[in-house]
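Derivation of every value follows stated rules applied to the coordinates shown; laboratory data play no part. Here the structure is a predicted model, which is why all the values come from computation and not from measurement. Quick reminder, even Gly has a Cβ in these numbers, built from the backbone with ideal geometry, and neighbours come from all protein chains shown.
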Amino acid sequence: MPGTVENRRAERRTSIVQGTVLVIDDEADIRELLELSLLRMGLAVECAGSVAVAKQLLQSKRYELCLTDMRLPDGDGLELVRFIGVQCADLPVAVITAFGSTENAVAALKAGAFDYLTKPLSLDQLRTLVKSALSLPQKTAAAKSGEGQLLGSSPGIEQVRAKIEKLARSQAPIYLTGESGSGKELAARLIHGKGSRRERAFVPVNCGAIPENLMESEFFGYKKGAFTGAEGDRDGFFQAANTGTLFLDEVADLPLAMQVKLLRAIQEKTVRKVGATSEDAVDVRIICATHQNLAACVESGKFRQDLYYRLAVIELRMPPLRECRDDIPVLADAILRRLSGPGGKAPMRLSDEAKKALANYDFPGNTRELENILERAIALAAGEEIQPEDLQLAPPTWIAREPGAPNAKWPLPEYLDRLEKEAILEALEKTRFNRTAAAKLLGITFRALRYRMERLGIR
């Protein structure tokens, strides 16, 4: 009879199978719904109703995707996500959560899940997720794409490079931190270029450069006649980035009114054009960046807490150039080759004295400043070798704190951060790392303590 389990299995054997998906759920009707949907996509399906059975299957067979419910009779989905991260690092795993359980979804993404689905299940979202997961490049191919773009071999850069490889294999929102000119957009492009959306659009947006009265129409688009000058329908950033990646640079500059609308678009995965009566579904991965401290912006009321939790699921810090001094010669050579232009002209080179001068400079503008310095030096150099005077390095505007003077009171922000960190660590030690008790001892709320610990890197 049509529709029986035997017929479905026969269909699976006779069809062209694109891969095998492991479905883990203790509810038979959910397993059957997922199995039917995946079979129609040309995929083979195996099912498990518990963590124990799933672990046995994962250790004995190879799968292209794993879908697991968050709640299982003998454990939870997070346990499986961590198990897969250790035992089957190349296997994308997506979790299924109850409607509105944002905390579970965020916890799963932080644990290494590729993406998540919410109940009741949307078959359209399921198909989109499965296609994205099966489009992931092999790690060897991902390593080659964009090879050489993130230059350097210092520990900080190696750590960033490894994390980019991992983040590219996820759909989790990413929050890039770092000083201006430290390469946040480059990191975002590499994450996009090594992931399942690499063939789709990467749309960078500088949130601080858009006038407040134009933000909604720029982000979501508008319909003809929505306002004076709207002579035709126009898509916004979300529509342009559909099935791709939207990079929100300087996201801390968004006004509060726009933050509310952005939060809804991210949560509902739909947007409404200005002047429209209906919403359009969008599938966009969000990567955001800012040189400001976003947690501090939340604490001061400048940035919405709920949006912060949606955007800052995983944080990637880009180190400043002064923390990667060994990479300066490599970066400088690459920049000089690029600035020499086409035509086979030999690039200019740095003298030994110029290299020493660059190695001792702090680069407050980071790699962007290095490029500016070298471009100016090429124009000023008398010969084919750049000398220290051609660099015209700016003198330091403050006295740098010496490594041997940990109690120095300058720069003031660093001094205040040290004091705050010492006070928090002392309170945590006195309360045996009970954060609720530590917050009470410090005279601040638990939420404020959590923000400060996150900002100061206290784990």
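Tell me the label-point distance for the pair Lys131, Glu323, using the 7 Å Cα-to-Cβ offset, in nm and rounded to one decimal.
3.9
Can you give me the P(r) profile for the range 5-134? Cα pairs, bins 5 angstrom wide beginning at 0, each as a whole percent.
Result, from short to long distances: 2, 11, 23, 25, 22, 12, 4, 1, 0 percent.
Going 7 Å from the Cα of Lys119 toward and past its Cβ, which residues in the range 37-57 have a backbone nitrogen under 15 Å from where you end up?
49-50
Can you compute the equivalent ellipsoid semi-axes for the range 412-456, i.e. the square root of 5 times each eigenvalue of the Cα gyration tensor, sorted largest first and rounded to whole Å?
Numbers: eigenvalues 62, 25, 13 Å².
With the √(5λ) rule applied to the range 412-456, the semi-axes are 18, 11, 8 Å.
Sequence gap at least 6, Cα distance under 8 Å: using those rules, report the relative contact order of the range 39-189 to the nearest whole percent. Don't skip to the end; give the middle numbers.
Details: 145 pairs, mean separation 26.4, N = 151.
Relative contact order of the range 39-189: 18 percent.
Based only on Cα atoms, what mean projected area does the convex hull of the range 154-317 have, in nm²?
Across all orientations, the range 154-317 yields a mean hull projection of 9.7 nm².
For the range 215-281, what are Rg and Dmax over the alpha carbons, in angstrom?
Using the Cα atoms of the range 215-281, the pair Rg, Dmax is 11.9, 32 Å.
Modelled label-to-label distance, Arg338 and Glu199, 7 Å Cα→beta-carbon offset: nm?
Taking the two extended label points, one gets 2.8 nm.
Enter the Cα centre distance for the pair the range 309-332 and the range 92-123, rounded to the nearest angstrom.
Their Cα centres are 29 Å away from one another.
For Thr177, which sequence-distant residues (separation of 5 or more, or a different chain) have an amide H within less than 5 Å of its own amide H, given hydrogens modelled in the peptide plane?
Amide H neighbours of Thr177: Leu316, Arg317, Met318.
Stokes-Einstein D for the range 322-391 at 4 °C, 1.567 mPa s, Kirkwood Rh over Cα pairs, in µm²/s? It would help to have the intermediate numbers written out before the result.
Details: Rh = 12.1 Å.
Estimated diffusion coefficient is 107 µm²/s.
Counting Lys and Arg as +1 and Asp and Glu as -1, each charge on the Cβ, what is the dipole of the range 322-391 about the Cα centre in debye, to the nearest 20?
My answer is approximately 220 debye.
Return the calculated 222 nm mean residue ellipticity for the chain, to the nearest 500 deg cm²/dmol, obtained by summing -39500 (n - 2.57) across DSSP H runs with n ≥ 4 and dividing by the residue count.
For the chain, the value works out to -13500 deg cm²/dmol.
In the structure shown, do any of Lys55/Lys163; Lys163/Lys421; Lys110/Lys163 have a Cα-Cα gap over 24 Å, and if so which?
Violating the 24 Å Cα-Cα cut-off are Lys55/Lys163; Lys163/Lys421.
Scattering from the C-alpha atoms of the chain alone, worked out with Debye: what is log10 I(q)/I(0) at q = 0.10, 0.14 1/Å?
Listed by q, the Debye log ratios stand at -0.91, -1.40.
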